[in-house]
Amino acid sequence: MPRILPIFAALLMTTAAGAAFAQSDYPNRPITIIVPHAAGGPTDTVSRLIAESMTRSLGETLVVENAGGAGSTVGAARAARAEPDGYTLMINHVAQASSGSLYRKLAFDPDADFDGVGLITDVPMTVVARKDFEPTDIASYIAWVKEHGDEVLYGHAGVGSASHLCGMLLMDALDVKMTTVPYKGTGPAMTDLLGGQIDTMCDQTTNTIPQMTSGAIKGYAVTTPERIEVLPDLPTLQEAGLEGFEMTVWHGMFAPAGTPPEILEKLSGALQVALQDPKVIERFAQLGTTPVPVEEATPAALDAHLAAEIAKWKSVVAKAGEFAD
Ligand code: ASP
């Protein structure tokens with residue numbers, strides 16, 4: 001046997017042992033979670049609660065870094081290019097599935113460039129408006145929007161964001177076109193709704209409940225088929241006559257493709273602990289949502305969910321014929 005082989009074998013063994021050691025040692029420094037939406041918005045709120053809980057169980061700090069813009073595609077491109085070493089992660093929502101169909105040019109592949117860590121939650125949405133918007137209930141809201149059409153300013157978080165998708169569905173159901181105003185996330189859109197610069201939004205309960213409860217904005221309806229426990233007085237859009245209207249926003253944790261499976265497993269375990277954390281459950285409930293069952297907080301469940309959602313949005317977008325550059 002040539003002498004070179006044992007040397008190679010020894011080298012390989014050391015490298016493999018080194019990698020295994022590095023993984024068993026993981027994490028040994030802070031982890032960044034890229035949130036591809038602006039600070040103060042719904043995805044940011046969910047991510048910070050999860051980061052706080054995972055920090056407790058992993059013993060290293062998980063730092064949320066907001067990188068909003070273009071319906072999450074700016075931040076997702078950054079996460080896709082990060083080193084697949086478990087120290088850069090991303091929390092995104094349904095936009096991860098819709099962006100590949102909506103954007104003609106994307107600097108990343110929303111599926112192939114990521115490994116799933118696990119699903120997190122599924123958040124209801126609400127139709128809301130500035131506090132002095134004239135309509136008093138969902139029936140008068142619908143009538144007003146139909147009458148005023150493009151005079152009504154509708155805020156959203158960019159093409160492909162949840163608030164954009166909900167607005168498209170709403171306008172389609174009402175057969176009306178409002179003027180849409182894109183933001184880097186619905187955090188800043190909410191600031192403008194509070195200031196009266198825009199009229200209305202369809203946004204997640206994780207962003208709207210605190211503002212509705214304090215009376216800072218008006219709430220008209222929820223997008224779920226049933227009313228939700230924390231907002232018992234808000235009718236569903238189906239009750240308001242929009243047959244079959246249903247939209248909730250799933251969220252998942254992703255890692256750049258190529259992240260070692262042992263690291264994905266460790267992260268998914270910590271995510272499952274977070275989803276059973278009484279503090280997370282309580283805060284989620286106050287914000288109108290619940291964690292997914294733990295068996296869905298796994299790489300396999302998120303990978304399968306993402307693939308199914310990509311197929312679903314591909315046909316929705318092709319039917320709507322709306323694309324962005
Ligand atoms: N999730 C976005 C945000 O956090 C909002 C959206 O997609 O509508 O701002």
**Item:** Test for residue 99: is it open to solvent by less than 40 Å² (accessible area, probe 1.4 Å), within 16 Å of the ligand (Cβ to nearest atom) and modelled with pLDDT of 95 or more
**Value:** no
**Request:** Considering each of 246, 226, 296 in turn, give the residue that is free of Cβ contacts under 8 Å to residues at least 12 places away in the same chain and more than 16 Å from the ligand (Cβ to nearest atom).
**Result:** 226
**Item:** Selection from segment 149-190 of residues that are more than 19 Å from the chain's Cα centre (by Cα) and either outside any helix (DSSP H, G or I) or within 12 Å of the ligand (Cβ to nearest atom) (or both)
**Value:** 152, 153, 154, 175, 176, 177, 178, 179, 180, 181
**Fill in**
Going through segment 69-89 in order, the residues found to be modelled with pLDDT of 95 or more and over 14 Å from residue 108 (Cα atoms) are 83, 84, 85, 86, 87, 88, 89
**Request:** Could you please find all residues in segment 266-282 being surrounded by 14 or more Cβ atoms within 10 Å (Cβ to Cβ) and more than 13 Å from residue 120 (Cβ to Cβ)?
**Result:** 266, 269
**Message:** I need the full set of residues from segment 48-97 which are of a type in the set (Val, Ile, Thr) and either more than 19 Å from residue 187 (Cβ to Cβ) or without any contact (Cβ under 8 Å) to a residue 12 or more places away in the chain (or both), in order please.
**Reply:** 55, 61, 88
**Request:** Please determine, by comparing only the residues of segment 125-143 that are in a loop (DSSP other than H, G, I, E, B) and closer than 22 Å to residue 230 by Cα, which one is least open to solvent (accessible area, probe 1.4 Å).
**Result:** 137
**Item:** residue 208, sole failed condition from (1) outside any strand (DSSP E or B); (2) within 12 Å of the ligand (Cβ to nearest atom); (3) open to solvent by less than 10 Å² (accessible area, probe 1.4 Å); (4) within 20 Å of residue 244 (Cα to Cα)
**Value:** (4)
**Message:** Going by what's in this entry, would residue 139 be described as in contact with a Leu (Cβ under 6 Å, 6 or more places away or on another chain), away from the ligand (no atom under 16 Å from the Cβ) and touching a residue at least 40 places away in the same chain (Cβ under 8 Å)?
**Reply:** no
**Asked** Going by the conditions given, is residue 222 crowded, with 17+ Cβ neighbours inside 10 Å, of a type in the set (A, V, I, L, M) and in contact with a Gly (Cβ under 6 Å, 6 or more places away or on another chain)?
**Response** no
**Fill in**
In the set 113, 122, the lone residue that is at pLDDT 95 or above, surrounded by fewer than 22 Cβ atoms within 10 Å (Cβ to Cβ), within 16 Å of the ligand (Cβ to nearest atom) and within 26 Å of the chain's Cα centre (by Cα) is 122
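The values are calculated or read from the model by the stated rules, or taken from the named source; none is laboratory data. Only a predicted model underlies this, so the values are computations on that prediction, with no experimental measurement involved. Positions of Cβ are generated from backbone atoms using ideal geometry, with glycine treated the same way; all protein chains shown enter the neighbour counts. Calculation scope for accessible area: heavy atoms of the full protein, side chains included, ligands and nucleic acids excluded. Shrake-Rupley method; radii C 1.70, N 1.55, O 1.52, S 1.80 Å.
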